[in-house]
Amino acid sequence: MIILPNSLLAATALCSALALPAAAQEATGRVMSGDLGIYYEVHGDITSGVTPFLVLHGGMGTISGDFGDLLPVLAEQRPVIGVEQQGHGHTGGRDVQVTLEVMCNDTLAVLDALGVQRVHVVGYSMGGMLALELGVTAPERLETLSAISASQNQDGMHPAIVEMNRDPGATPSPEALELMPTQEDFAGMQAAYADNPDGPEQFERTMQQLHTLIVGDWGWSDEELVAMEVPTLLLLGDNDFTPVDHARQMAAKIGAQLAVLPDTTHMSIMSRADWLAPMIANRIATAVE
């Protein structure tokens, strides 16, 4: 599929890799956010003075799994910071529930530890939800916001997906099956948990927590979206989890640019780097005019 910044001293307690050399081109590390070490990657020189991208993966995803095609293209434009959220990829889990608020805290802890005040955030699916949460609760940290395949709330998702979320034991309709990840997709996601600090078993625990999140009371009121002042781009496929009509309504409330990619699903949109990257670059360029 989710902000109170920690101090730099506390945040750097876990990993000496945070002492990045000034000209570092790639680095990985962990930042302590409360009781959990949050995994991050840096691609490029974040000390260059150029506002970096912040990329936020989707539910059950990882930085490389979701941004494998797009990240190298973005890194040609400016530095990129990626964060793997609670219970995902290289970040262990917590006994407490995954929430958008908690993920915001964790994400901002990484930015604070790296000394990064503002970013161009690009989030996919759950990461798009997290990007919108940052836009509502911490707009001062964002230069622009690009949310890929995200909705305003659960009811804004495709009815077949909503039905599956609310009754996971039910037999999926043919319409729902066309939208859902394949067995091969799930296998790829699960393989990314081989190096999770809590073991590959974290995959199932995270999946259960994300189901609790997605069927819960998440989302933003019309008033919150109208009040959001971050220059925003909403991107989705024409056969996505979020119907085009819902995205159009969201864009009108935010005053956002809207891009609908043809012949594109929720699962294929992140492979469209040659379409996504120039639209994200245009959002940044038009935001500073």
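Structure above, values below:
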| item | result |
| --- | --- |
| The stretch 165-203: number of residues that are assigned to a loop (DSSP other than H, G, I, E, B) and among the acidic types (D, E) | 4 |
| Which listed residue, of V110, V116, is of a type in the set (V, I, T), surrounded by fewer than 21 Cβ atoms within 10 Å (Cβ to Cβ) and in contact with a helix residue (DSSP H, G or I) (Cβ under 9 Å, 6 or more places away or on another chain) | V116 |
| Answer residue from the stretch 228-242, given it is part of a loop (DSSP other than H, G, I, E, B) and touching a Leu at 6+ places or on another chain (Cβ under 9 Å) and is surrounded by the most Cβ atoms within 10 Å (Cβ to Cβ) among those | D240 |
| Filter result (part of a loop (DSSP other than H, G, I, E, B) and either in contact with a strand residue (DSSP E or B) (Cβ under 8 Å, 6 or more places away or on another chain) or surrounded by 20 or more Cβ atoms within 10 Å (Cβ to Cβ) (or both)) within the stretch 98-107 | V98 |
| Subset of the stretch 75-97 [buried (at least 24 other Cβ atoms within 10 Å of the Cβ) and out of contact with any Asp or Glu (no Cβ under 9 Å at 6 or more places or on another chain)] | H88 |
| Set N239, N282: member being within 20 Å of L71 (Cβ to Cβ), polar (S, T, N, Q) and over 19 Å from the mean Cα position of the chain (by Cα) | N282 |
| Subset of the stretch 26-56 [touching a Phe, Trp or Tyr at 6+ places or on another chain (Cβ under 8 Å) and either of a type in the set (K, R) or surrounded by fewer than 18 Cβ atoms within 10 Å (Cβ to Cβ) (or both)] | T28, R30 |
| Unmet criterion (only one of (1) charged (D, E, K, R); (2) within 21 Å of the chain's Cα centre (by Cα); (3) within 28 Å of H120 (Cβ to Cβ); (4) modelled with pLDDT of 95 or more) for D185 | (4) |
| Top-ranked residue of the stretch 40-59 - restricted to ones that are in a loop (DSSP other than H, G, I, E, B) and within 20 Å of R272 (Cα to Cα), ranked as farthest from the chain's Cα centre (by Cα) | G59 |
| Number of the exception - A259 against (1) under 30 Å from E184 (Cβ atoms); (2) assigned to a helix (DSSP H, G or I) | (2) |
| Residue check, I214 closer than 29 Å to E101 by Cβ and crowded, with 22+ Cβ neighbours inside 10 Å | no |
| Residue satisfying condition, being modelled with pLDDT of 95 or more and either closer than 30 Å to V215 by Cα or of a type in the set (S, T, Y) (or both), within set D66, D95, D112 | D66 |
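The values are calculated or read from the model by the stated rules, or taken from the named source; none is laboratory data. This one's a predicted model, so the numbers in the text were calculated from it and none came from an experiment. Counting neighbours? That spans all protein chains shown, and the Cβs are built from the backbone with ideal geometry, glycine included.
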